[in-house]
Amino acid sequence: MAIRKIRELGDEVLTKKCKEVTKMTIRSRILINDMLDTMYEEGGVGLAAPQVGILKRIVVIDVGDGPIVLINPEIIEQSGEQTGEEGCLSVPGKAGTVTRPNYVKARGLNEDMEEIEVEGEELLARAICHEIDHLEGKMYVELVEDGLHDVEYREEE
Ligand code: ZN
């Protein structure tokens, strides 16, 4: 169990496209555990590997219903629209309004490299989109509609 340092906006690693994971290794298992620990420690609802400086296509999400690990995730279905506040552990103390699909279904692998599908609405859909964007080197700040503003505490990742 270890907390990793979260890279912040302006760090080059957050702008890079991540690599597919082709096999599960001890290193990746440790990374996933550390990502979960780091997300919970920082009070986020999601974390992508590049946020801890690792360019692998791995994200972890927990919107309050238990941890989800998604490796090589891709969105296979989406519908509707939601506009709401979004934040990111890599942009501490800030939030902004972002429009996302209201429903998303994603396919990927779990930590045992078995194919899984995850679907969700509202916050979970938002978190899936946000984390997958990280794997493409994209930050939510590029999507913010009314500029970033300060928040007292972070509610979303
Ligand atoms: Zn983020």
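Test Ile76 against the criterion of being more than 12 Å from the ligand (Cβ to nearest atom), surrounded by 15 or more Cβ atoms within 10 Å (Cβ to Cβ) and at pLDDT 95 or above, and give yes or no.
No, not satisfied.
Among the residues of the range 111-157, write down those that are within 16 Å of the ligand (Cβ to nearest atom) and under 25 Å from Ile30 (Cβ atoms).
If the condition is that a residue be within 16 Å of the ligand (Cβ to nearest atom) and under 25 Å from Ile30 (Cβ atoms), then Ala127, Ile128, His130, Glu131, Ile132, Asp133, His134, Leu135, Glu136, Gly137, Glu157 are the ones that fit.
Among the residues of the range 81-101, write down those that are free of Cβ contacts under 8 Å to residues at least 40 places away in the same chain and either within 15 Å of the ligand (Cβ to nearest atom) or farther than 25 Å from Asp150 by Cα (or both).
Answer for the range 81-101, where residues must be free of Cβ contacts under 8 Å to residues at least 40 places away in the same chain and either within 15 Å of the ligand (Cβ to nearest atom) or farther than 25 Å from Asp150 by Cα (or both): just Arg100.
Answer with yes or no whether Gly108 is more than 13 Å from Val45 (Cβ to Cβ), more than 12 Å from the ligand (Cβ to nearest atom), open to solvent by less than 20 Å² (accessible area, probe 1.4 Å) and within 16 Å of the chain's Cα centre (by Cα).
Judged against the criteria, Gly108 is a match.
How many residues does the range 53-73 contain that are open to solvent by less than 40 Å² (accessible area, probe 1.4 Å), in contact with a helix residue (DSSP H, G or I) (Cβ under 6 Å, 6 or more places away or on another chain) and not in a strand (DSSP E or B)?
Matching residues across the range 53-73 total 2.
Could you list all residues from the range 120-141 that are among the acidic types (Asp, Glu) and closer than 25 Å to Thr22 by Cβ?
Glu131, Asp133, Glu136
Would you say Gly137 is closer than 20 Å to Gly44 by Cα, in contact (Cβ under 8 Å) with a residue 40 or more places away in the chain, open to solvent by less than 70 Å² (accessible area, probe 1.4 Å) and in a loop (DSSP other than H, G, I, E, B)?
Taking the combined requirement at face value, the residue satisfies it.
Within the range 83-123, how many residues are in contact with a Gly (Cβ under 6 Å, 6 or more places away or on another chain) and either assigned to a helix (DSSP H, G or I) or of a type in the set (Gly, Ala, Ser) (or both)?
Residues flagged as in contact with a Gly (Cβ under 6 Å, 6 or more places away or on another chain) and either assigned to a helix (DSSP H, G or I) or of a type in the set (Gly, Ala, Ser) (or both) within the range 83-123 amount to 1.
The values are calculated or read from the model by the stated rules, or taken from the named source; none is laboratory data. Keep in mind the model is a prediction, meaning the values are calculated, not measured. Heads up, the Cβs are rebuilt from the backbone with ideal geometry, glycines too, and the neighbour counts pull from every protein chain shown. Side chains included, ligands, DNA and RNA excluded: accessible areas come from the protein's heavy atoms. Shrake-Rupley method; radii C 1.70, N 1.55, O 1.52, S 1.80 Å.
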